[in-house]
Amino acid sequence: MARPARAAFVTLLTTALCTSLVSSARAVPGSVQATAQQAPAVLAPATTEGAAPTAAGVGAALAAILKDPSLGPHHGVYVYDASRGKPVFSVGAATPYTPASTMKLLTTVSALSTLGAEHTFSTKVVSAGKGSIVLVGGGDPLLAVKQAADYPARATLQTLAASTAKALKAQGLSRVTLGYDASLFTGPAVNTHWEANYIPEGIAAPTSALWVNEGRLSPGMAKRATSPAQAAATSFGKLLGTYGITVAPTVKPAVASTAATPLAQVKSPTVGQIIEYVNLHSDNDGAEVLLRQVGIATGNGGSYVGGVKGVRATLTKLGLDVSKATIYDGSGLTRANKVPLALLAGAVKVASSKDHPELRRLLTSLPVAGFDGSLRERFTTAGTGTGTGLVRAKTGTLTSVHSLAGMARDRTGTLLVFAIASDSVPVPKTLDARASLDRAAAALANCGC
């Protein structure tokens, strides 16, 4: 799908600027250096700390937008000056909101903090006795049957099957029984706070430490397997067959011994890359896996309840106030979640802080307004053009719920972190409310106030 014309223009303009600045900074040897002329920059480079915004200035920029009736009676905004480290403006931020998918900010910043951006998850095959092997899930949310063209590159069952077959043949084995172990995650696979239609309609999958294509029966299709782990093992058995290993027809659950001999393994993309995928595409299933990984990493266990405890503990350790937050999942699918706007913005705030460079991948995971991910088709209505390419934010959408949380570099160079939401949007006004959120973020990018 082609980018909007204005987005393409901003891309070309930015590229030209970057090329000009890099070229002008490059040393030129000998006499050439003395006569070289620097081309003028197309745009003045942004300063790291522009004009200090004021509550009155930001309030004036947002006043008309916040009066939009399409936002419903319960809406608010919170704005933080990241360049100076202080709150600037808030309206309607005293009460928590249903965050929808902006909840993923809290989950992913917690994953970065507890696991680290370079951490990976392993899916392996171990020996369970003569002629018996077990496929062990390591909680890789992006494990696939075969490699796809999109980013990031996946760990695949195809690669694992080829390595496993080679190891088995080296032992003189060509026939095996196959079990599967998804015991890393515990508790219910389906969150009890989710709507009853989520699983049957493929909005989410039963969360598993072992699955392929996020539990989908076919890549890109909505329908999910009732047992994602068994479906993954069945696919793995078929792949082994293509590499000359005959697998017994019955594939059963098993618990692999921690002392079992590993035959082969594949590693997931890094946590940083997974987070970029989850936030860019607002991937519910990936967020739920990361939630459980946070639970394990914090010693609270691999259930969604343990994951929530881990997220709350991690956010508190990062200096964020979770006392008024009610959290039940990692994706934001449940309406029972209630989160203050200051906390949603807080995830971006700590990731942009000089004290937490290890959290920077949260910022690069945010979609760019008018360019990619869940913001690719946004910022197209009147009053939103000033945000194109200058706003990065996570979207949140449920029926009657719309939220946007992220950051905007204003026209003087100040970095503003914001969260804006409504969980009372009249359904016929859905598109109008979404456009209002875009205008608010664009107004911050154009502010300098």
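The values are calculated or read from the model by the stated rules, or taken from the named source; none is laboratory data. Since we're looking at a predicted model, the values are computed, not measured. Because the Cβ atoms are built from the backbone with ideal geometry, glycine has one as well, and the counts that use them run over all protein chains shown.
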*Filter the range 159-217 for residues that are within 24 Å of the chain's Cα centre (by Cα) and in a strand (DSSP E or B) and give the result.*
Arg216
*Tell me which residues, restricted to the range 276-320, are in contact (Cβ under 8 Å) with a residue 60 or more places away in the chain and in a loop (DSSP other than H, G, I, E, B).*
Ser282, Asp283, Thr298, Gly301, Gly302, Ser303, Leu318
*asked:* Looking at Val348 and the list (1) touching a helix residue (DSSP H, G or I) at 6+ places or on another chain (Cβ under 6 Å); (2) within 20 Å of Gln273 (Cβ to Cβ), which single condition is not satisfied?
replied: (1)
_Counted residues, the range 92-129 - those being under 30 Å from Leu239 (Cα atoms), in a loop (DSSP other than H, G, I, E, B) and touching a residue at least 12 places away in the same chain (Cβ under 8 Å)_ = 5
_Of the conditions (1) touching a strand residue (DSSP E or B) at 6+ places or on another chain (Cβ under 7 Å); (2) within 23 Å of Thr242 (Cα to Cα), Ala149 satisfies every one except a single condition; which number is it?_
(1)
_Is it the case, given these coordinates, that Thr159 is within 27 Å of Gly310 (Cα to Cα) and of a type outside the set (A, V, I, L, M, F, W, C)?_
no
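I'd like to check something: does the range 128-136 contain any residue that is in the same structural domain as Val348 (by TED's automatic domain parsing), in contact with a strand residue (DSSP E or B) (Cβ under 9 Å, 6 or more places away or on another chain) and either of a type in the set (A, V, I, L, M, F, W, C) or more than 30 Å from Gln265 (Cα to Cα) (or both)?
Pass one, the range 128-136, residues in the same structural domain as Val348 (by TED's automatic domain parsing): none.
Looking for residues that are in the same structural domain as Val348 (by TED's automatic domain parsing), in contact with a strand residue (DSSP E or B) (Cβ under 9 Å, 6 or more places away or on another chain) and either of a type in the set (A, V, I, L, M, F, W, C) or more than 30 Å from Gln265 (Cα to Cα) (or both), one finds none in the range 128-136, hence no.
I'd like the residue in the range 392-420 that is closer than 23 Å to Ala55 by Cβ and surrounded by fewer than 24 Cβ atoms within 10 Å (Cβ to Cβ) and, out of all such residues, is farthest from the chain's Cα centre (by Cα).
That would be Thr412.
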*Go through Ser235, Ser257 for me and flag whichever is under 24 Å from Val176 (Cα atoms), among the hydroxyl-bearing types (Ser, Thr, Tyr), outside the structural domain of Ile296 (by TED's automatic domain parsing) and crowded, with 17+ Cβ neighbours inside 10 Å.*
Ser235
_Test of understanding: among Ser365, Ser323, Ser331, which residue is out of contact with any helix residue (DSSP H, G or I) (no Cβ under 7 Å at 6 or more places or on another chain) and polar (S, T, N, Q)?_
Ser323
*Does Ser268 meet the test of being surrounded by 19 or more Cβ atoms within 10 Å (Cβ to Cβ) and either over 18 Å from His119 (Cβ atoms) or small (Gly, Ala, Ser) (or both)?*
yes
*asked:* Quick check on Pro262: is it more than 30 Å from Val368 (Cβ to Cβ) and free of Cβ contacts under 8 Å to residues at least 60 places away in the same chain?
replied: no
_the range 244-254, subset buried (at least 19 other Cβ atoms within 10 Å of the Cβ) and assigned to a loop (DSSP other than H, G, I, E, B), residue farthest from the chain's Cα centre (by Cα)_ = Ile245
